[in-house]
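One structure below.
The values are calculated or read from the model by the stated rules, or taken from the named source; none is laboratory data. As the structure is a prediction and not an experimental result, all values here were calculated from the model. Virtual Cβ from ideal backbone geometry, glycine too; neighbours counted across all protein chains shown. Note: areas computed on protein heavy atoms with side chains; ligands, DNA, RNA excluded. Shrake-Rupley method; radii C 1.70, N 1.55, O 1.52, S 1.80 Å.
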Amino acid sequence: MNTRKLLLLMLLFCSVGALYAQEFSNKGKEFWIAYPSHVDGSIGPMSSVMGLYITSDVNTSGVVQIGSSPSINFTVTANQITKLFLGSVGVVDGPNTPIYLDMADGVKTNAAVKITSLQPVVVYSHIIQTARSGATLVLPTPVLGNEYIVPSYPTPSSVNNGARNNGTISGVGEIAVIATQANTTLEITPTVNGLGGKTAGVPFTVTLTNPGDCYQFQGARYGDLSGTKVRSVSSGNQGCKPIAVFSATSWSAFGCTSNINSGDNLYQQLFPVRAWGKNFLTAPALTRAYDIFRVFVSDPSTVVKKTENGVTTTLTNLINNSFYEYQTGVPTYIQTDKPSSVVQYFTTQACTPGATDGDPEMVVLNPVEQTINNITVFSAHENWVPLNQSDVRKCYLNIIIPTGAKSSFKINGNSPVGNFVAIPGTSFSVLQEDVT
């Protein structure tokens, strides 16, 4: 189903400044990126493409290394976007086959994209194929950690999408892990059985010999990888090493159990547990009846409170000893007494009667502790990417700021067309702006 896509920019591209109250930032000089399996693969006339969007507040230059392929030099003009596309079809800047992860359970040597720059930049990665689209903020190497808890979401088994999506790989959850240092040992405890034969709940180890080696794990079809634990562990006299972890799906549809005929790949780089926060604000998708939220905890005793329409409640029914879930169509305020992670899931358009825009998406939200006051965003509108590789035709911003600051807010130097609306029970307001 070739539907029009929408992109909620502020939720995808909301973190150009400080990540948390330490010396770390998502501006950096070195980045590692994985290309998980996609329902349309990497070769052929209808294959997927990876877009890399690089920006900075200063003029700079750098190099993109695509696995073992020749590198690509790039330059960035301050406050502008440099776009590079990796694929096997159309007008692209480099190949994607050296980095595409096509295994159900295994290691691909030297299969990461590595970006280095002379001055700090911000990087976004985007996997697209016509109506399918999944994007993520990319974290620089200093922000990476050695412990992660994976978010995901299952496609209902009642969805008949086999014919549309080449059968067996529809609905597969994936984890891609990149070693940034030699001889990195991973320990993974999956919440579902793996397509390669791994057993749910049983930890297993994998060794990545070289920097840039990638391991991919795929769960059983229609399974939910949420709560899976990924960490690097010490081996011999070597300590735990930083790793980059990506959660993805080959194709997903969720939000209802029938009439689902629109879907997307999911694709998010994960914050390490050490970068989690305690306070979160959410804004709903403009074209949906409701969104799904999951609050992930590393300590099951964590108390999670949600304020919705001015009423505060404590969440109950911890799932997989890892996360709480709720659905809502209004802004919420989440408070936790221990560091946590909040993930927002945009539901399939077919689940909202009358909706004509948007497919599923999974976005890791930044905590309030990581807010900033200036940002440059980019839309993967169909006019800005290789021909026929995007159906993004509408673009929106979801903006949450302290209520007292709303009069100073500008978009390209101008006041917004829409109005900020106070979030009940908080000192914040939200704006949903159509910037198409």
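Which residue, of ASN388, ASN321, is closer than 30 Å to PRO95 by Cβ, open to solvent by 20 Å² or more (accessible area, probe 1.4 Å) and either among the charged types (D, E, K, R) or outside any helix (DSSP H, G or I) (or both)?
On the way: ASN321 fails: closer than 30 Å to PRO95 by Cβ.
When all the criteria are applied, what remains is ASN388.
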Of (1) surrounded by fewer than 17 Cβ atoms within 10 Å (Cβ to Cβ); (2) modelled with pLDDT under 90; (3) over 22 Å from GLN181 (Cβ atoms), GLU23 fails just (3)
Lone unmet requirement of (1) over 20 Å from the mean Cα position of the chain (by Cα); (2) at pLDDT 90 or above; (3) of a type in the set (Ser, Thr, Tyr) for SER68
(2)
Filter region 184-211 down to the residues that are touching a residue at least 60 places away in the same chain (Cβ under 8 Å) and open to solvent by less than 40 Å² (accessible area, probe 1.4 Å), then identify the one that is nearest to VAL233 (Cα to Cα).
VAL206
Residue pairs qualifying under the 9 Å Cβ cut-off, at least six apart or on distinct chains, with the first in region 38-50 being under 11 Å from ASP264 (Cβ atoms) and of a type outside the set (A, V, I, L, M, F, W, C) and the second being open to solvent by 10 Å² or more (accessible area, probe 1.4 Å) and assigned to a loop (DSSP other than H, G, I, E, B), are HIS38/ILE169
Single condition ASN374 does not satisfy, out of (1) over 13 Å from THR282 (Cβ atoms); (2) open to solvent by less than 50 Å² (accessible area, probe 1.4 Å); (3) part of a loop (DSSP other than H, G, I, E, B):
(2)
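Residues that are in a loop (DSSP other than H, G, I, E, B), closer than 21 Å to ILE115 by Cβ and more than 22 Å from the chain's Cα centre (by Cα): does region 203-213 have at least one?
Taking region 203-213 as the starting set, the residues that turn out to be in a loop (DSSP other than H, G, I, E, B) are 203, 209-213.
Narrowing further to those that are closer than 21 Å to ILE115 by Cβ: 210-213.
Then keep just the ones that are more than 22 Å from the chain's Cα centre (by Cα); that gives 210-211.
Yes, some residue in region 203-213 is in a loop (DSSP other than H, G, I, E, B), closer than 21 Å to ILE115 by Cβ and more than 22 Å from the chain's Cα centre (by Cα).
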Can you name every residue in region 170-198 that is at pLDDT 95 or above, within 16 Å of ARG221 (Cβ to Cβ) and of a type in the set (Val, Ile, Thr)?
ILE175, THR191, VAL192
Those residues that are within 13 Å of the chain's Cα centre (by Cα), surrounded by fewer than 24 Cβ atoms within 10 Å (Cβ to Cβ) and of a type in the set (Gly, Ala, Ser), I need them from region 220-276; list them, please.
none
Where residues in region 280-313 are surrounded by fewer than 18 Cβ atoms within 10 Å (Cβ to Cβ) and not in a loop (DSSP other than H, G, I, E, B), which of them is nearest to the chain's Cα centre (by Cα)?
LYS305
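Filter region 60-76 down to the residues that are more than 30 Å from GLY171 (Cβ to Cβ) and either touching a residue at least 40 places away in the same chain (Cβ under 8 Å) or surrounded by 16 or more Cβ atoms within 10 Å (Cβ to Cβ) (or both) and list them by number.
Our first condition is that a residue be more than 30 Å from GLY171 (Cβ to Cβ); within region 60-76, this holds for 60-65, 68-76.
Once the filter is applied, which keeps residues that are more than 30 Å from GLY171 (Cβ to Cβ) and either touching a residue at least 40 places away in the same chain (Cβ under 8 Å) or surrounded by 16 or more Cβ atoms within 10 Å (Cβ to Cβ) (or both), region 60-76 yields THR60, SER61, GLY62, VAL63, VAL64, GLN65, SER68, SER69, ILE72, PHE74, VAL76.
Give the residue, chosen from ILE399, ILE423, that is aliphatic (A, V, I, L, M), open to solvent by less than 60 Å² (accessible area, probe 1.4 Å), closer than 29 Å to PHE296 by Cα and in contact with a helix residue (DSSP H, G or I) (Cβ under 6 Å, 6 or more places away or on another chain).
None of the other options fit; the residue is ILE399.
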What are the residues in region 354-370 that are touching a residue at least 60 places away in the same chain (Cβ under 8 Å) and either touching a helix residue (DSSP H, G or I) at 6+ places or on another chain (Cβ under 9 Å) or part of a loop (DSSP other than H, G, I, E, B) (or both), if any?
ALA355, THR356, ASP357, GLY358, ASP359, PRO360, GLU361, VAL363, LEU365, ASN366, PRO367, GLN370
Name the strands (runs of 3 or more DSSP E) wholly inside region 77-136 in which the number of residues that are touching a Lys or Arg at 6+ places or on another chain (Cβ under 6 Å) and buried (at least 16 other Cβ atoms within 10 Å of the Cβ) is 1 or more.
113-129
Would you tally the residues in region 309-346 being under 16 Å from ASP291 (Cα atoms) and of a type in the set (Ser, Thr, Tyr)?
6
Identify the single condition in (1) free of Cβ contacts under 8 Å to residues at least 40 places away in the same chain; (2) open to solvent by 40 Å² or more (accessible area, probe 1.4 Å) that LEU431 does not satisfy, given that it satisfies every other one.
(2)
Of (1) modelled with pLDDT of 95 or more; (2) within 23 Å of ALA350 (Cα to Cα), GLY212 satisfies all except one. Which?
(2)
